[in-house]
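Student: Below is a structure I'd like to ask you about.
The values are calculated or read from the model by the stated rules, or taken from the named source; none is laboratory data. Note that this is a predicted model, so its numbers are computed, not measured. All Cβ positions, glycine included, derive from the backbone under ideal geometry; neighbour counts span all protein chains shown.
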Amino acid sequence: MTHANYSLLSSSIYAAASALLLAGCAVTSHGAQPAPLGTPSSLAAMESTLDEPGPIVVETVTAAHWQVPLSGLLNLDDPKARAAGLEDRDEPIQIFLHSLHHPSRGVYLIDSGVQADIHGEGSALGWLVASVAGLDELKVQLDTRSWLQRQSAPPSGVLLTHLHLDHVMGLPDIPKGTPLYSGPGEAAQTSFENLFVQGTTDRELEGHAAVSEWQFPASGGEGIAGVLDVFGDGTLWALHVPGHTAGSTAYVVRSTEGPVLFTGDACHTAWGWQNEVEPGSFSSDRARSKQSLLALRELVQRHPGMAVRLGHQSLPPAPALNVAAR
Ligand SMILES: [Zn+2]
Ligand SMILES: [Zn+2]
């Protein structure tokens, strides 16, 4: 390439980069469309039947172990975090793959686990993102392709909590044509960091249909931005809990073992859940994410039998009930 050509190229890259910086950059350029599923509902309607046993069988597997800066996972400026002496360090976390087996709707995944070839040539991760995000440290325990091979049927859909990279890393293993669902405005959300991850997120989504975005009603009640009854049968709800990202979505299931809440990254860590401290620098709107976290905490306080699956850590098991005394 001649020097003149090179200058021309670098100045056009500079112009394109400047335009992106000024405008911010979307999470993905992948298409989005309104979700065809979901009946407008409310917390009150959901809570009226929530504690009745339901038909969905829930399975959670640890797809991978990883570590990331604690300051991203937790607001270390929170008075409780300061009082506990928490300082920034690498925090061990997990990437989970959850599945919901519905008797007539089939199997739905919550988020997507990790693709089999994550560290290989078929990986959707670019080298820059992989090295900047520390994904070299990611230790895969059970990849999505292996998990799918154990199932009797392909998944009916993927319920994404949001479109951060660590939640879409299993999508390359999901059969193309499987419906993908996420919160509203999730794909178009803009930020500076997306300059680095947009290409990677696009590759994770490559070949898949447009993401179907939940059409939440204006308010869900009690600090939740919106509630949808996903199948309209009172077994699975999507809860709009913005803050970590604009479209962050939690899911509530009436399972055979009782109600289960999947928080997504409305709460990453066990300590954050137990101490009501919201995520840190990984969030786009910390004040709103605090409000969403408190609303989810209050929901569980009203339904103490509800199991809670957090974004990236497991809660310690509840103390065994004393069933001997009758
Ligand atoms: Zn996230
Ligand atoms: Zn995450």
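Student: Among the residues of the stretch 264-292, count how many are touching a Lys or Arg at 6+ places or on another chain (Cβ under 7 Å) and within 15 Å of ligand 2 (Cβ to nearest atom).
Tutor: Count: 1.
Student: Across the stretch 224-246, what is the total count of residues that are touching a Phe, Trp or Tyr at 6+ places or on another chain (Cβ under 8 Å) and either among the hydrophobic types (A, V, I, L, M, F, W, C) or within 16 Å of ligand 1 (Cβ to nearest atom) (or both)?
Tutor: Result for the stretch 224-246: 10.
Student: Working only within the stretch 99-122, note down all residues that are part of a loop (DSSP other than H, G, I, E, B), within 20 Å of the chain's Cα centre (by Cα) and at negative phi.
Tutor: S112, V114, Q115, A116, I118
Student: If you scan the stretch 266-283, which residues turn out to be surrounded by fewer than 18 Cβ atoms within 10 Å (Cβ to Cβ) and within 13 Å of ligand 1 (Cβ to nearest atom)?
Tutor: S281
Student: Test S29 against the stated conditions and say whether it is among the hydroxyl-bearing types (S, T, Y) and modelled with pLDDT of 95 or more.
Tutor: no
Student: Okay, moving on. Which of the residues that make up the stretch 93-115 are touching a Phe, Trp or Tyr at 6+ places or on another chain (Cβ under 8 Å) and farther than 30 Å from P53 by Cα?
Tutor: The answer is I93, and nothing else.
Student: Give L294, L299 a once-over and let me know the one that is surrounded by fewer than 17 Cβ atoms within 10 Å (Cβ to Cβ), of a type outside the set (G, A, S) and touching a residue at least 60 places away in the same chain (Cβ under 8 Å).
Tutor: None of the others qualify; the one that does is L294.
Student: Residues that are modelled with pLDDT of 95 or more, within 16 Å of ligand 1 (Cβ to nearest atom) and in a loop (DSSP other than H, G, I, E, B): does the stretch 295-311 have at least one?
Tutor: The answer is yes, given that some residue of the stretch 295-311 is modelled with pLDDT of 95 or more, within 16 Å of ligand 1 (Cβ to nearest atom) and in a loop (DSSP other than H, G, I, E, B).
Student: Step by step: first the residues of the stretch 242-260, then only those that are hydrophobic (A, V, I, L, M, F, W, C) and within 16 Å of ligand 2 (Cβ to nearest atom), then the one that is modelled with the highest pLDDT. Which residue is that?
Tutor: Only one residue fits best here, namely A250.
Student: Suppose we filter the stretch 148-175 for residues that are more than 22 Å from S104 (Cβ to Cβ) and over 18 Å from the mean Cα position of the chain (by Cα); how many remain?
Tutor: Total meeting the criteria: 1.
Student: With in contact with a Ser or Thr (Cβ under 7 Å, 6 or more places away or on another chain) and crowded, with 24+ Cβ neighbours inside 10 Å as the only criterion, which of G221, G226 stands out?
Tutor: G226
Student: Looking at the structure I just gave you, is P79 over 30 Å from V230 (Cα atoms), in contact with a strand residue (DSSP E or B) (Cβ under 6 Å, 6 or more places away or on another chain) and surrounded by fewer than 21 Cβ atoms within 10 Å (Cβ to Cβ)?
Tutor: no
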